[in-house]
Every structure is written in C-alpha cells, then in structure tokens.
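Here's the structure, in structure tokens; my notes come after.
Bear in mind these aren't lab numbers, they're just calculated from the coordinates by the rules spelled out. Just so you know, these numbers come straight off a predicted model, no measurement behind them. Because the Cβ atoms are built from the backbone with ideal geometry, glycine has one as well, and the counts that use them run over all protein chains shown.
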Amino acid sequence: MTIRHARGMAKVAAKSRTRSWIKPFTTAALLSAAALMTSVLAASSAEDGAITKSHGYSFYGDLDYPADFEHFDYVNPDAPKGGELAVPFIGTLDSMNPYSGKGRAHAFSVYPYESLLADAAPADKYGQSYCLLCESVEYPEDKSWVIFRMRPEARFSDGTPVTAHDIAFSHNLLLDQGLQSYADFVRKLIPKVEVIDDYTIKFYFADGVSRRSLVEQVGGVPAWSKKWFEETGQKLNENWIEGPPGSGPYVIDEIDLSRRIVLKRNPDYWGKDLPVNQGRHNFDALRVEIFADDTAAFEAFKAGEYTFRAEGDSKKWASGYDFPKVDSGAVKLEELPNGAPPAASGIVFNLASPKLQDRRVREALALAFNFEWSNESLLYGLFERRASFTQNSPLMATGTPEGAEREFLESLGDLVPPEMLSEEVYIPATSDPARLFDRRNARKAAAMLEDAGYVVGDNGKRVTPEGAPFELNFLFSSSSSPTTRGVMENFVDNLENLGIAVNFEVVDTAQYTSRERERDYDLVVDSYTTFLGTGTGLEQRFGSEASAYSLFNPAGLASPLIDAIITKSLRAETREEETAIMTALDRALRHEFIMIPLWYNPNHWAAYYDQYEHPAEIPPYSLGYLDFWWYNEDKAKALRDVGALR
C-alpha cells in the first residue's frame, strides 16, 4: 500500500489502532478485483511514440475516469457544505506525527497533507490513481522514470506555493529520517529524484527492478513544506504536536491529546474545484473525542458528546442501542454492505520466539481457539470466520492447486513443500459451539504438542523439549473492546487447559505500541494488509530482508518460498499471470501459519445522530463517513429543538 493509500484508509477508519500511518506500498489496496473494468487510457505520444501522458495512472493502463471527468461516480456532487462530524478515539495519544515510528498519533494527523496523486484511491475502482497536486503524469513504455507536472495554483495553508522542491524534500526526508524498512526498500528502487523546474519533478527507477507500485509510491509522498522544516529545525523522526502546514482541505484547529483534536475547513483551500474533490470534504469541522475506554465513549455518544460511531463491538450492536434516542429516531442505525476484503487479522505468532518456531506447535495453539463458541456466546453470531489473506476475492486459494496456479507452484521446484500440491489449502478447524473447550480439537492439539516434544510434566504443566516450562506472553491492548478481550481470555483458558502457562498482559495503548514495535511478545492480536495485486510493499509485509524489523510484519515471517513468489509476482506481465501467482501467495502464507485467523464483519455498522446523509449506494470499498457524507442543517435543527443535541 502506498503512503497515499494509507492516508486514505486512515480517513475512513478513524477508530483503527495506529502502528504507523506510513504503510507498505503496493498497487493492491483493500479493494475487490471484481470491480476491475477496462477502458482506453487517454495518452499522447512523443515523437518516438514511447511516452504516455495522462491525468492519472494505472499499471495496466486502464483508467475508468476519463481526462474530462467531473467527479467520482460514488459522490453526490451537490452535497451541501457545513456542519460538524464528531467521532471517538479509544486510548492514549502522545504525538501528531505518524511518520516517525515513535509515539502514537491519530489518523487526523495526516489530514492536512496531500500528494501528487489523489489522496484516496477511488472507493469504487481498483489500482487507479488520479492527479491531485499534479496536473499530469508522464512515463515511458518501460516505466524507467516518471515526470509529474504540478499545478502552480497549489498552496500550503500558510499561503506559500507547493513546488517540486517541496516534493523532492519530502521524498528525501522519508528516506533520511523515516522508517528503516520503508527507506531500505525505496533507496534500492528509486535511486534519483530531479527537480526540472519549480513545478516539474522527475523520479528515476532502478534498472532491473519491477516497476510495480513505483509510480504510485512517489505519487503518494506527502507534500511537506521544505521552508517550515528548515526554519524550525524539526526532525521527522521525532514526535511533534504542531506539524508543518499542509495543502489539504482541512487544517488543525485544536489539539489536546488528552481530550480532543479538531480539524476545520480551510476557507482558502486551493483545490476545492478539482474533479477529484467534488462531493467530498463536506463538513466544516471534523472532531475526535478521546476516551480511555469504550465504555466511557459509548456513554458519551448517548449523551451527544460526539455524533458518529462506526461500531465494531457486536455486543453493543446487538444489545446496546436500546436507549431512548434510538427509539425516538434521533440516533439512526444502519447496516451497509462492505465490499472490501477484510484485513487479515488474527492472533499473530512471533516467529522469533523459540517456542513458536515449530509449525506443529502453532497449529496446536490454533486448535484451542473456538470461534464457533465465541461467535455464538460472545459475538451474537454476527461474524464470519476468516481463512484467507484475500478472503472472498478472486485471489483466495481453494482446494488443491489447479491450472495456472499449480503450474506456477511446480515451476518453483523444491521450494514448494509436497503437501502444498497434494493437500487442500489450510482452513481453520471448526469447533463445538455448545462448549468452550472442544475435546476433539483438544485431543488433536495435545497430540501435536507431544509430537513436537512439548509434553505434560508431573505437575500437569507442559514443558518444552529442553524441559523448561512452556510459557507464553500474550500482549493485549487496553483500548480493545471488552468483547474482544473476553474472547481472548477464553482462548487463554483453553490454552491453560492444555497445560500451557499464558501471561495475558493487558497494557495501555502507548506501552502496547512500543512493545509491539520491539516485538516484545509471543502472541499479539494484529493484522496484515490484504492484497489483490502484487507490489513491492509485499516485501515489507512478508519478505525476509526486512523481517527482523519491519513494522508491517509483526510475525517476523522470513520464508524463501514466500520471497520467491513475491519476486515472480513482480515480473508478471498479464493480469491472468498475476492472479495465478497471487493465489499461490495466499496458499503459501496460509501454509506458513503465521497467525490464528479471527473473524470479520461483512457489513459496516453505523450509528449516528440523524443529521447526516450519504449517497444512496455506498461504494464497495469505503464507508466514507469522513469523506463523502454530508450534513443536513434542517435535520440538525430538529434534533436541537427537541434537546437531542446541543
């Protein structure tokens, strides 16, 4: 995922836990391949016929929106501007700098900053980018370089122009002071940047490397003011509260990291008339209220202290919304379809832990997780079990490999374990929904542990093959919902029934973030970004080179098989070839068994005071309440008149 895509996802997921808002870059965003449509790219040829000039970019050359498009299909271009939308944040914050790898910053901290290509991929398309700070993008047939011609009217919020010098400075700042895993990959892929003039910038790509994601990567670099950094002496790798001015539609109006963050519309926003911005950024203000726990946050919602909840707690959704404001219609509840493949969430194993390096041990631990009981008893039967890293997409591996996928796997020779070709792809075992401790699965788990040398001692506790107590540290964030915590505590009970000692350590969000970055755990609830196409960001998430320190690879996976599949995928020349390879990647990742898959919700759950509206059809890949919903003043006045809102 590019930095640009990460910022877009942050905007529609303000409740999400933040490890860092710089995500690995790849052309595969959290979008469904079913939306792929083909159109002819508007291109112009230079004398040698090799240069494409366009209003946007797609690796395969398909852009569904033409150069003269007026707005994205999923927005209401006539949406009124005004009002405020307020959301909660659960946990603690200590920074407004999400790019440093230090501290914990909120998603709102990325809002002031734009990039050359549109700051959020269209919520109804796959792998397509459109010009924002740039007015055109040019590249040769071999994509060995790219030129962006910028909009001279673009301005930072302090009124200074956004120039090619700022873009080059921002790119180099990320390399010099940004995350190591990010910088290591970018340096080897993008050896040079050249400022041709004040509004033209050229990036050169290294010889012999895949061109996947590279245009999107440089097009997604946040535009920071070179002048501000030089005058303040601020470092990117340090926490900050007051950051550099941005060029986006919102500016930060209030910051109190213990209480709230408020963004307000910039009345002088330079890009308000651009096609990519029509029907978007409709609120005059965006506010986040900060709470220590979700119980306090929910009570505050009832009282009207904030106005929108993207609900994630099944217990609350099933039984918590029975208060008078719901009965009166002041608070509206909606279930809206979510077409995006779910994040690959799960209980992640730290593969560097000696106790977890045997796959049999990891699979035995997974057998102790009773999803069916948890779903029925704690989650109100509202979730489905995830199995794949590309769940419910055309890239989801099924059964045994066939056709082009099998041919590809066979071409990798001895790197592929024979059982991957002969056995069906891993699917989590089902458990008895009537009892937490499924005895059938427990017997299987015990046999696997004993086969791996983890036997039960005289005291009824398991020991490692070396005779030491088999103990696991399970790191858990206090900001997680009580329901999720309950599920995990029951999983721990099952592990202890197998003779495994577990330290279930619940820590505050700041400590959790620090400990997770240091990989100070055996088990942790985390997620990997799903993929629906190849890209160099796969190396950051799953590759061996950065496995020891990449923030995007919490398991520390380092597999020659995975490396080979990623390398081959980056050389794919057709969508069909890419599909076969990426399906094989899903199969291989499931074989590596780096996590216990958890659950996902096929719908968005939205609870909000009935003063907001949205398009009749929500696009498949984004709920978009911070992006393309809008405020209805008449409805808001009616709520105020009856005292439902202040």
**OP:** Any chance you could list the semi-axes, whole Å, largest first, of the equivalent ellipsoid that the Cα gyration tensor gives for the stretch 276-418, using √(5λ)?
**Re:** 41, 22, 17
**OP:** Would you list, by chain and number, the lysines whose Cα falls below 18 Å from the Cα of K235, excluding same-chain residues fewer than 8 positions away?
**Re:** K102, K226, K227
**OP:** Report, in deg cm²/dmol and to the nearest 500, the calculated mean residue ellipticity at 222 nm for the chain, where each DSSP H run with n ≥ 4 adds -39500 (n - 2.57) and the sum is divided by the residue count.
**Re:** -7500 deg cm²/dmol
**OP:** Starting at the first residue of the stretch 193-203, write each ³J(HN,Hα) from the Karplus equation 6.51 cos²θ - 1.76 cosθ + 1.60 with θ = phi - 60°, in whole Hz, x for Gly and Pro.
**Re:** 10, 10, 8, 6, 8, 4, 10, 9, 9, 10, 10
Original post:
What percent do you get for the relative contact order of the stretch 413-518 when only Cα pairs under 8 Å and 6+ apart count?
Top reply: 23 percent
Original post:
For the peptides 52-59, 207-214, what is the packing order when you average, over each peptide's residues, the other Cβ atoms within 10 Å and list the highest mean first?
Top reply: 52-59, 207-214
**OP:** Above 13 angstrom, tally the Cα pairs of the stretch 346-417 and express them as a % of all pairs, no decimals.
**Re:** 78 percent
Subject >> Potential extension, D493-R359 segment - 0.36 nm per residue separation minus Cα distance >> reply: 46.1 nm
Subject >> Computed over the chain: relative contact order in percent, which uses C-alpha pairs under 8 Å that are six or more apart >> reply: 21 percent
Original post:
Can you give me the relative contact order of the stretch 186-322 as a percent, contacts being Cα pairs under 8 Å and 6 or more apart?
Top reply: 12 percent
Subject >> Residue (of G535, H614, S559) at the positive-pole extreme of the stretch 528-646, dipole from beta-carbon charges >> reply: S559
Subject >> Cα gyration tensor shape for the stretch 350-508, rounded if a/c is under 1.5, else prolate or oblate >> reply: oblate
Original post:
Which values, in whole Å and largest first, are the semi-axes of the equivalent ellipsoid of the stretch 556-621 obtained as the square root of 5 times each eigenvalue of the Cα gyration tensor?
Top reply: 37, 19, 9
Subject >> Pairwise Cα inverse-distance average, inverted: Kirkwood Rh of the stretch 112-255 (Å) >> reply: 15.8 Å
Subject >> Separation in nanometres of the label points that stand 7 Å from Cα toward Cβ, at L415 and R571 >> reply: 0.9 nm
Subject >> Surrounding net charge for W630, when Lys and Arg each add one and Asp and Glu each subtract one, Cβ distance under 9 Å >> reply: 0
Subject >> Simple Cβ-charge dipole of the chain, Lys/Arg +1 and Asp/Glu -1, about Cα centre, in debye nearest 20 >> reply: 940 debye
Original post:
Between D253 and Y60, what is the label-to-label distance in nm when each label sits 7 Å out along the Cα-to-Cβ direction?
Top reply: 4.4 nm
Subject >> Of (1) 18, 53, 27, 2, 0; (2) 15, 47, 32, 6, 0; (3) 15, 41, 35, 9, 0, the label for P(r) over Cα pairs in 20 Å bins from 0, in percent derived from the coordinates >> reply: (1)
Original post:
Leaving out same-chain residues fewer than 8 places away, which lysines sit with a Cα under 25 Å from that of K302?
Top reply: K11, K15, K264, K315, K316, K325, K332, K635, K637
**OP:** Taking the Cα centre of the stretch 369-411 as origin, sum charge times position over the Cβ atoms of Lys and Arg (+1) and Asp and Glu (-1), and report the length of that vector in debye to the nearest 20.
**Re:** 160 debye
Subject >> Cα-based shape type of the stretch 478-566, given that a ≥ b ≥ c are square roots of the gyration tensor eigenvalues and the cut on a/c is 1.5 >> reply: prolate
**OP:** Determine which aspartates and glutamates satisfy two conditions relative to K355: a Cα distance under 15 Å, and not lying fewer than 8 residues away in the same chain.
**Re:** E363, E450, D451, E466, E471, D520, D522
Original post:
By its C-alpha gyration tensor, with a ≥ b ≥ c as the square roots of the eigenvalues, how is the stretch 49-102 shaped: rounded for a/c under 1.5, else prolate for a/b larger than b/c, else oblate?
Top reply: oblate
